[in-house]
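Participant: Mind having a look at this structure? Questions to follow.
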Amino acid sequence: MSLLDDVANKLARETVELMRITGDDTMERRVADEVGASSPTLQETFLTAMRILKAEQRGLSLLDKYRKGEDIPVAQISAAPQGDISH
């Protein structure tokens, strides 16, 4: 990993942990804005790391529900390609 990835991942992990403890969902945007003032590249890498960590949490939560035998509704996924703006 590069220094950029290392720093972004550390910031993202700490942000996710503090968001979990405090319940403050604005923390992600505030940290992104703060680091973006000095390094837009770090900001983008941080936001990518945040999306990955949040997706991981969602996936692990779903797997936990499967382990517990909970009834899990099928996700509603659009068949339309994302970003398709043609009318």
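The values are calculated or read from the model by the stated rules, or taken from the named source; none is laboratory data. All figures in this text were calculated on a predicted structure; none of them were measured in a lab. Please note: Cβ atoms are built from the backbone with ideal geometry, for glycine as well, and neighbour counts cover all protein chains shown.
Participant: Out of all the residues in region 1-17, which are free of Cβ contacts under 8 Å to residues at least 24 places away in the same chain and hydrophobic (A, V, I, L, M, F, W, C)?
Facilitator: Kept after step one, since they are free of Cβ contacts under 8 Å to residues at least 24 places away in the same chain, are these residues of region 1-17: 1-3, 6, 10, 14, 17.
Of everything in region 1-17, those that are free of Cβ contacts under 8 Å to residues at least 24 places away in the same chain and hydrophobic (A, V, I, L, M, F, W, C) turn out to be Met1, Leu3.
Participant: Name the single residue that is surrounded by the fewest Cβ atoms within 10 Å (Cβ to Cβ) among those in region 55-72 being more than 27 Å from Ala12 (Cβ to Cβ) and of a type outside the set (A, V, I, L, M). Walk me through how you get there before you give the answer.
Facilitator: To start, the set of residues in region 55-72 that are more than 27 Å from Ala12 (Cβ to Cβ) comprises 68-72.
Now restrict to residues that are of a type outside the set (A, V, I, L, M): 68-71.
Numbers: Lys68: 8, Gly69: 7, Glu70: 9, Asp71: 5.
Checked region 55-72; the qualifying residue surrounded by the fewest Cβ atoms within 10 Å (Cβ to Cβ) is Asp71.
Participant: Please go through region 20-35 and pick out each residue that is at pLDDT 95 or above and in a helix (DSSP H, G or I).
Facilitator: Listed by number, the residues that qualify are Ile21, Thr22, Met27, Glu28, Arg29, Arg30, Val31, Ala32, Asp33, Glu34, Val35.
Participant: Now for a separate question. Can Ile52 be described as loosely packed, with under 10 Cβ neighbours inside 10 Å and assigned to a helix (DSSP H, G or I)?
Facilitator: no
Participant: List pairs: first residue in region 56-73 and of a type in the set (Gly, Ala, Ser), second residue part of a helix (DSSP H, G or I) and surrounded by 10 or more Cβ atoms within 10 Å (Cβ to Cβ) anywhere in the structure, Cβ distance under 9 angstrom, at least six positions apart or on different chains.
Facilitator: Here the result reads none, with nothing in region 56-73 linked to a residue that is part of a helix (DSSP H, G or I) and surrounded by 10 or more Cβ atoms within 10 Å (Cβ to Cβ).
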